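Enquirer: Would you mind keeping the following structure in view while I ask a few things?
The values are calculated or read from the model by the stated rules, or taken from the named source; none is laboratory data. The shown structure was predicted, so the numbers you read here are calculated from the model rather than taken from an experiment. Heads up, the Cβs are rebuilt from the backbone with ideal geometry, glycines too, and the neighbour counts pull from every protein chain shown. Note: accessible area is taken over every heavy atom of the protein model, side chains too, but ligands, DNA and RNA are not part of it. Shrake-Rupley method; radii C 1.70, N 1.55, O 1.52, S 1.80 Å.
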Amino acid sequence: MSSIDQSGTFPLGDRTVKRLGYGAMQLAGPGVFGPPKDPDAALAVLREAIASGVNHIDTSDFYGPHITNRLIREALAPYPDDLVIVTKIGARRGTDGSWLPAFSREDLTQAVHDNLRNLGVNVLDVVNLRVLFDVHGPAEGSIEAQLTVLAELQRQGLVRHIGLSNVTPKQIAEGRRIAEIVCVQNQYNLAHRADDALIDDLARDGIAYVPFFPLGGFSPLQSSTLSAVAERLGVTPMQIALAWLLQRSPNILLIPGTSSVAHLRENLAVAGYPLPVDALEELERMKSAGSA
């Protein structure tokens, strides 16, 4: 069994986590809606992640909804002392599986209590406020009212740390005036690099950056370049994309998701795998090869 390189760590709130974690989103059914076809396989993936050294799991009670957190609880409770579970609030699921904003005081409070109950904990390690002014990506708008509610729940002892998801630099600045922000979770990868400057700014302040969709938004030319590099190095395109992210900045924490034990092992194998200089130079050229 491959285990994670112990040297690849970064602070997340008052804890230190390994930079290669696990995103539990894909454990729910198709479209992140309903139960998985094989609940035993989902439980096996979670247990394999912990056995392989993962100590950072990303989840939300609107995955399913309620499905993913219940699987995490069934598979892993009582939780290892070093495990940090990061969840998110700010959205809900429509009856058709649609993603809808859930930003009222009542919505946010209920979401925190749903996460507490379904994870089976008394306090949530980290809660990200997911901003859904636009379902397609970050969009400007004040988050003061919503973040104030989350900060109140933190003062009540229900939340240890606060993060932000799907946000702009302006919203992050606004959020940091209201509460300590320990992580930011946005789309970022080799091709989608709008947050380049933001990542560097957050790194200087010791704030974790958690990218999602490591292969999302690639043009055909960018995808072919990635595949060519991967083939030359004898690994998969996903492994190249993850390895590049690990080398991009020390504050990047990865949460690749999968519902397969074999795929999980492939993802975890990139820890401590440095990309050669010529591959890095070729991958860097992808930034201008498409629409990024």
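Enquirer: Among the residues of the range 211-240, write down those that are in contact with a Phe, Trp or Tyr (Cβ under 9 Å, 6 or more places away or on another chain) and among the hydrophobic types (A, V, I, L, M, F, W, C).
Expert: Within the range 211-240, Phe212, Phe213, Leu226, Val235 qualify.
Enquirer: So, in the range 8-23, exactly how many residues are of a type in the set (Lys, Arg), under 26 Å from Ser260 (Cβ atoms) and not in a loop (DSSP other than H, G, I, E, B)? Walk me through it before giving the result.
Expert: Narrowing the range 8-23 to residues of a type in the set (Lys, Arg): 15, 18-19.
In the following step, the residues that additionally are under 26 Å from Ser260 (Cβ atoms) were identified as 18-19.
Imposing the further condition that a residue be not in a loop (DSSP other than H, G, I, E, B) reduces the set to 18.
Residues that pass the stated criteria total 1.
Enquirer: Quick one: in the range 18-40, of everything that is farther than 16 Å from Ala51 by Cβ and aliphatic (A, V, I, L, M), which residue is most open to solvent (accessible area, probe 1.4 Å)?
Expert: Per the stated criteria, the residue is Met25.
Enquirer: Of the numbered conditions (1) without any contact (Cβ under 8 Å) to a residue 40 or more places away in the chain; (2) over 28 Å from Cys183 (Cβ atoms); (3) in contact with a Ser or Thr (Cβ under 8 Å, 6 or more places away or on another chain), Pro237 fails exactly one; give the number of that condition.
Expert: Of the numbered conditions (1) without any contact (Cβ under 8 Å) to a residue 40 or more places away in the chain; (2) over 28 Å from Cys183 (Cβ atoms); (3) in contact with a Ser or Thr (Cβ under 8 Å, 6 or more places away or on another chain), the odd one out for Pro237 is (2).
Enquirer: Further question: Tally up the residues in the range 151-175 that are open to solvent by 50 Å² or more (accessible area, probe 1.4 Å) and farther than 19 Å from Thr87 by Cα, please. Let's see the steps before the verdict.
Expert: Let us first name the residues in the range 151-175 that are open to solvent by 50 Å² or more (accessible area, probe 1.4 Å), namely 152, 154-156, 160, 169-170.
Next, from what is left, pick out any that are farther than 19 Å from Thr87 by Cα: 169-170.
Within the range 151-175, residues that are open to solvent by 50 Å² or more (accessible area, probe 1.4 Å) and farther than 19 Å from Thr87 by Cα number 2.
Enquirer: State all residues of the range 184-225 that are open to solvent by less than 10 Å² (accessible area, probe 1.4 Å), in contact with a Pro (Cβ under 6 Å, 6 or more places away or on another chain) and of a type outside the set (S, T, N, Q); if no residue qualifies, say none.
Expert: Tyr188
Enquirer: On to the next question. Looking only at the range 226-243, how many residues end up being assigned to a helix (DSSP H, G or I) and open to solvent by 10 Å² or more (accessible area, probe 1.4 Å)?
Expert: Narrowing the range 226-243 to residues assigned to a helix (DSSP H, G or I): 226-233, 237-243.
Narrowing the set further to residues that are open to solvent by 10 Å² or more (accessible area, probe 1.4 Å) leaves 227-228, 231-233, 237-239.
Qualifying residue count for the region: 8.
Enquirer: Same structure again: Within the range 73-86, how many residues are open to solvent by 40 Å² or more (accessible area, probe 1.4 Å) and over 28 Å from Ser98 (Cα atoms)? Working first, answer last.
Expert: To start, the set of residues in the range 73-86 that are open to solvent by 40 Å² or more (accessible area, probe 1.4 Å) comprises 73-74, 77-82.
Going one step further and asking which of them are over 28 Å from Ser98 (Cα atoms), we end up with 77-82.
Qualifying residue count for the region: 6.
Enquirer: Could you check how many residues of the range 254-274 are part of a helix (DSSP H, G or I) and of a type in the set (Gly, Ala, Ser)? Step through it out loud before you land on a result.
Expert: Step one: list which residues in the range 254-274 are part of a helix (DSSP H, G or I), which gives 261-268.
Remaining after also requiring of a type in the set (Gly, Ala, Ser): 262.
Going through the range 254-274 one residue at a time, the tally reaches 1.
Enquirer: Using beta carbons and a limit of 9 Å, which pairs, at least six apart or on different chains, have the first residue in the range 45-72 and closer than 22 Å to Ala102 by Cβ and open to solvent by less than 10 Å² (accessible area, probe 1.4 Å) and the second one part of a loop (DSSP other than H, G, I, E, B) and hydroxyl-bearing (Ser, Thr, Tyr)?
Expert: Filtered contacts from the range 45-72: Thr68/Thr59; Thr68/Ser60; Asn69/Thr59; Asn69/Ser60; Asn69/Tyr63; Ile72/Thr59; Ile72/Tyr79.
Enquirer: Tally the residues that are small (Gly, Ala, Ser) and either surrounded by fewer than 16 Cβ atoms within 10 Å (Cβ to Cβ) or at pLDDT 95 or above (or both), restricting the search to the range 250-271.
Expert: Looking only at the range 250-271, we keep the residues that are small (Gly, Ala, Ser), and these are 257, 259-260, 262, 269, 271.
Keeping just the survivors that are either surrounded by fewer than 16 Cβ atoms within 10 Å (Cβ to Cβ) or at pLDDT 95 or above (or both) gives 257, 259-260, 262.
Going through the range 250-271 one residue at a time, the tally reaches 4.
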